[in-house]
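Novice: Provided herewith is a single structure, encoded as structure tokens, for subsequent inquiry.
The values are calculated or read from the model by the stated rules, or taken from the named source; none is laboratory data. Nothing here was measured: the structure is a model prediction, and the numbers come from that model. All Cβ positions, glycine included, derive from the backbone under ideal geometry; neighbour counts span all protein chains shown. Remember, those area values only see protein heavy atoms, side chains included, never the ligands or the DNA or RNA. Shrake-Rupley method; radii C 1.70, N 1.55, O 1.52, S 1.80 Å.
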Amino acid sequence: MTSATSSNRPDIVVVGAGIVGSALAYSLAKSGRKVALLERDFDEPDRIVGELLQPGGVRALSRMGIVDTLENIDAVPVEGYHVFYGPRSVPIPYPQEKSDEAGRGVVSKSGKVEGRSFHHGKFVQSLRKKVLGQQNVTPYEATVRDLLKDREGKVVGVSATWKKAPEGEAEAFDLRAPLTIVADGCFSKFRRTHGSSIQPMVRSNFVGLELHDAPLPAPHHGHVVLSKHGPVLLYQIGTHSTRILIDVAGEKLPSVAKGDLQKHVNENVIPQLPEQLRECVQAEMAKGQRLRSMPNSFLPPSMQGQSDSAKGVIVVGDAMNMRHPLTGGGMTVGLWDAVHLTEALGGSHWAPLSGPNPPRAPLDLSNWSSIRPALRSWHWSRKGLSSVINILAQALYSLFGADDANLEVLREGCFKYFEMGGECVNGPVSLLSGLAPKPMLLVGHFFAVAVYSIYALFAHPKFYEAEGRTRKPGLLEWPGLVWRSIMVFYTACIVLLPVVFTEMKSNIPRLNPVASTGTGNGGKLNKGGLVRTDNFALVSASILIVATVMVWGNARDPGTARNLSNWLVFPKVAAAGTS
Ligand SMILES: Cc1cc2nc3c(=O)[nH]c(=O)nc-3n(C[C@H](O)[C@H](O)[C@H](O)COP(=O)(O)OP(=O)(O)OC[C@H]3O[C@@H](n4cnc5c(N)ncnc54)[C@H](O)[C@@H]3O)c2cc1C
């Protein structure tokens, strides 16, 4: 086992060898840094998270030269999604690969991009094997207890406790380095150290089961079932294994000890699943398989390293930014963060997608004034992709997860929009798969869905079935429908704009450390989990503040204003390797 005293002083301490910590430690080591990688437990993790990697994430692995970590782990190709809504379903295939794209991922025989799904633990072990094979990486199986600071408050390393101390060594040890990178995951102990006081908000939990030889209606596809009680996801994670994740709204789960959760699954969820799957899920429940759960958190990102109180440390992965896992985008964001941060710190073993080409020379890590602009540039290079994935996940969860009459109209409209195919599928799935880091494309499709939903409200009888009518509305009903349309459009605004606003706010370092209400977007939750602002004031204020920030930003800080408008209007398409 590594000794805490024997090795030379590292350049970088990385806390956590999960998805992001392992990938980042690998790429930093390849860029010539000496890395100390601390992980509390190097055994294979057994978790229900991070099991479907979008094509955009595969592309990030390919960029770092580690796409082979997806081999020999019984990973399953993913060719797209299938959405089930009552008795209807619609296919959402991934798009065609464009031959000129940089950092290509994996492509099917028909030329479409592919993702991969797998057991989380197998993929993590594969990444760890890769990073631990690097000469300049020193692993420590130890739990980091604290960050060490110098007299000026700059982080200068960590103090940790061995899982099993090497012979003759004390249980606790200190490790010093010019730079500490925190990648300790969703329950991070150290996320506040970079200066932000925003805390994660939990809107729901995913409850998971593993199914054996489940008869999936659309093999090699992620299945999204829009049930009345919240969305349900199913995807294969091995040749014979399928994961089912059931969203249960609210911060707290019904009691397992009293059987309330099992009752909810049996009575409310299973009857909403496609018929051919019900027996298989019932059988697993009857066997008494433990229902495992994980909170679904939202944590907006923030620009790091700009204040004097947060020197010497960078926070990455779920510790810094989380979104609802409905769209399976967390690993894709985290892996691209590893790519962009390595590029920003200089010396990357690949030619950067943006910025100086060939790669910039490695920065002097002990000189914080050279790291600060690098962190700004990292923030902006990650922005396009991360904001698309964050906004999409939060907005889709509001659409699919809440019980509200206006949302029901939007849900129906969204499904019909997908049914139209063509660009109505291609655009949204490119966003979801992490291949199109274009926030305005997302906003465009979102409002196209809102407008189409309103059209459907007038043109389709479906919305009147509940009232026992099947005919289209007559002229006399139009005034009521006009009012309903306004409310539907307003609902679309309160679903989308607060999350967009949160993303914009994260671009202004000065606003980041301000303690929020915990929602990070000024909203509060209703029973179904929809972020509600409950009045026009906040939505209008969001628009007003965005406009003010643009004007104010331009006057005070042209760099921020320019980056903001680049992000919104001319997104850096190259950021995720698309053309
Ligand atoms: C229910 C659920 C389902 C999800 N499904 C998907 C999906 O299908 N696709 C997808 O892309 N994303 C998914 N995600 C998100 C994804 O799991 C995360 O984005 C990803 O795992 C983040 O990686 P990370 O490295 O930041 O954290 P982790 O992978 O959690 O790694 C953190 C590591 O730090 C270690 N650690 C923690 N504290 C310490 C300490 N003090 N000292 C030393 N080590 C420490 C831990 O042991 C762990 O190994 C899901 C999330 C949830 C909640």
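Novice: Taking θ as phi - 60°, what are the ³J(HN,Hα) couplings along the range 149-165 by the Karplus curve (6.51, -1.76, 1.60), each to the nearest whole Hz, with x for Gly and Pro?
Specialist: Once θ is set to phi - 60°, the couplings for the range 149-165 become 10, 8, 4, 8, x, 6, 6, 10, x, 9, 10, 9, 10, 4, 6, 9, 5 Hz.
Novice: On to the next question. If each residue of separation counts as 0.36 nm, what is the full-extension length gain between T239 and V482 once their alpha-carbon separation is subtracted?
Specialist: Taking 0.36 nm per residue and subtracting the Cα distance, the gain is 82.4 nm.
Novice: Please report the net charge: other residues with Cβ closer than 11 Å to the Cβ of V131, K and R +1, D and E -1.
Specialist: Details: positive: K30, R128, K129, K130; negative: E39.
Value of the local net charge: +3.
Novice: While we're looking at this one, here's another question. How far apart, in nm, are two points set 7 Å out from the Cα along the Cα-to-Cβ line at A170 and at K263?
Specialist: Roughly 5.4 nm, to one decimal.
Novice: Give a quick list of trypsin sites (Lys or Arg not before Pro) in the range 46-147 that DSSP marks as loop, anything other than H, G, I, E or B, with at most 10 other Cβ atoms within 10 Å.
Specialist: Within the range 46-147, the qualifying trypsin sites (Lys or Arg not before Pro) (loop, at most 10 other Cβ atoms within 10 Å) are K109.
Novice: With a cut-off of 8 Å between alpha carbons and a minimum separation of six or more residues, what is the relative contact order of the range 164-308 in percent?
Specialist: Numbers: 185 pairs, mean separation 44.5, N = 145.
So the answer I get is 31 percent.
Novice: Moving on to the next point. Give the shape of the range 201-298 as rounded, prolate or oblate, defined through the alpha-carbon gyration tensor: a ≥ b ≥ c are the square roots of its eigenvalues, a/c under 1.5 means rounded, and otherwise the shape is prolate if a/b is larger than b/c and oblate if not.
Specialist: prolate
Novice: Which length gain, in nm to one decimal place, applies between D213 and K149 when the Cα-Cα distance is subtracted from 0.36 nm times their residue separation?
Specialist: Between D213 and K149, full extension yields 17.8 nm more.
Novice: So, with a 1.4 angstrom probe, what is the percent of accessible area on the range 18-80 that is carbon and sulfur?
Specialist: Here carbon and sulfur together make up 37 percent of the probe-accessible area.
Novice: Still on this structure, please answer the following. Enumerate the lysines that K263 could reach by cross-link, defined here as Cα to Cα under 20 Å, with residues fewer than 8 away along the same chain left out.
Specialist: Excluding near neighbours in sequence, the set is K228, K252, K287, K527.
Novice: Please compute the length gained on full extension between Q134 and S159, using 0.36 nm multiplied by the number of residues separating them and subtracting their Cα-Cα distance. List each step's numbers first, then the result.
Specialist: Numbers: separation 25, 0.36 × 25 = 9.00 nm, distance 2.36 nm.
Result: 6.6 nm gained on full extension.
Novice: Along Cα→Cβ, 7 Å out, is where each label goes; now give me the distance between the ones at Q289 and Y455 in nm to one decimal.
Specialist: Using points 7 Å along Cα→Cβ, the separation is 4.2 nm.
Novice: Let me ask something else about it. Hey, which of these cross-link pairs are over 24 Å Cα-Cα: K383/K505; K30/K189; K311/K505; K30/K149; K122/K258; K30/K505?
Specialist: From K383/K505; K30/K189; K311/K505; K30/K149; K122/K258; K30/K505, over 24 Å: K30/K189; K30/K149; K122/K258; K30/K505.
Novice: Charges on Cβ only, +1 for Lys and Arg, -1 for Asp and Glu, centred on the Cα centroid of the range 201-298; of S241, S204, P217, which one is farthest towards the dipole's positive end?
Specialist: Going by the Cα projections, it comes out as S204.
Novice: Next up: So, for the range 201-298, what is the accessible surface per residue at a probe of 1.4 Å, expressed in square angstrom?
Specialist: 43
Novice: Cβ neighbours within 10 Å, averaged per peptide: list 425-436, 235-246, 277-288 in order, most packed at the top.
Specialist: Going by the mean number of other Cβ atoms within 10 Å, highest first, we get 425-436, 235-246, 277-288.
Novice: Express in whole angstrom the spacing between the alpha-carbon centres of the range 371-424 and the range 316-335.
Specialist: Comparing the Cα centres of the range 371-424 and the range 316-335, I get a distance of 13 Å.
Novice: Give me the one-decimal nm value for the distance between modelled label points at M420 and R372, 7 Å along each residue's Cα-to-Cβ direction.
Specialist: So the label points at M420 and R372 sit 4.9 nm apart.
Novice: Also: Order 313-323, 487-497, 253-263 from most to least packed using the mean count of other Cβ atoms within 10 Å.
Specialist: My ranking of the peptides, most packed first, is 313-323, 487-497, 253-263.
Novice: Hey, another quick one. So how strong a dipole does the range 201-298 carry about its Cα centre when Lys and Arg Cβ are +1 and Asp and Glu Cβ are -1, to the nearest 20 debye?
Specialist: So the dipole magnitude of the range 201-298 works out to roughly 280 debye.
Novice: Using a 1.4 angstrom probe on heavy atoms only, work out the carbon and sulfur share of the accessible area of the range 201-298 in %.
Specialist: Here it works out to 48 percent.
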